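No lab work stands behind these numbers, since they all come straight from the coordinates. Computed from a predicted model, the values in this text were never measured in an experiment. All Cβ positions, glycine included, derive from the backbone under ideal geometry; neighbour counts span all protein chains shown.
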Amino acid sequence: MLVLSRKKGESVIIQDEIEITVLGVEGDVVRLGIAAPGNVEIFRKEIYISIQEANRDSVSPASVNVGALLKQYQSPK
């Protein structure tokens, strides 16, 4: 992790495309402005984690009672 100190109005550039600017500091709250190309997705971390969890849940198989499923499709004797 790179740790930098920046003052209000100062910026950091990432890979010639993304600029992060300190807009203000009020107590424990830092306001950041992020300028990036439209194809770069930017999320707050808690939102990003929520999206990742929802994606995992949507692709994980639901638990299935295989025995009950087989009984349902077996032909009567």
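Would you check which residues across region 1-28 are in contact with a Pro (Cβ under 9 Å, 6 or more places away or on another chain) and of a type in the set (D, E, K, R) and list them? Please lay out each step first, then the result.
Here is the first cut: in region 1-28, the ones in contact with a Pro (Cβ under 9 Å, 6 or more places away or on another chain) are 17-18.
Matches in region 1-28: E17 only.
Among the residues of this structure, A68 does not count as one that is under 23 Å from the mean Cα position of the chain (by Cα), of a type outside the set (K, R) and farther than 19 Å from M1 by Cα. Residues in region 39-54 that are among the small types (G, A, S) and within 8 Å of the chain's Cα centre (by Cα): S50 alone.
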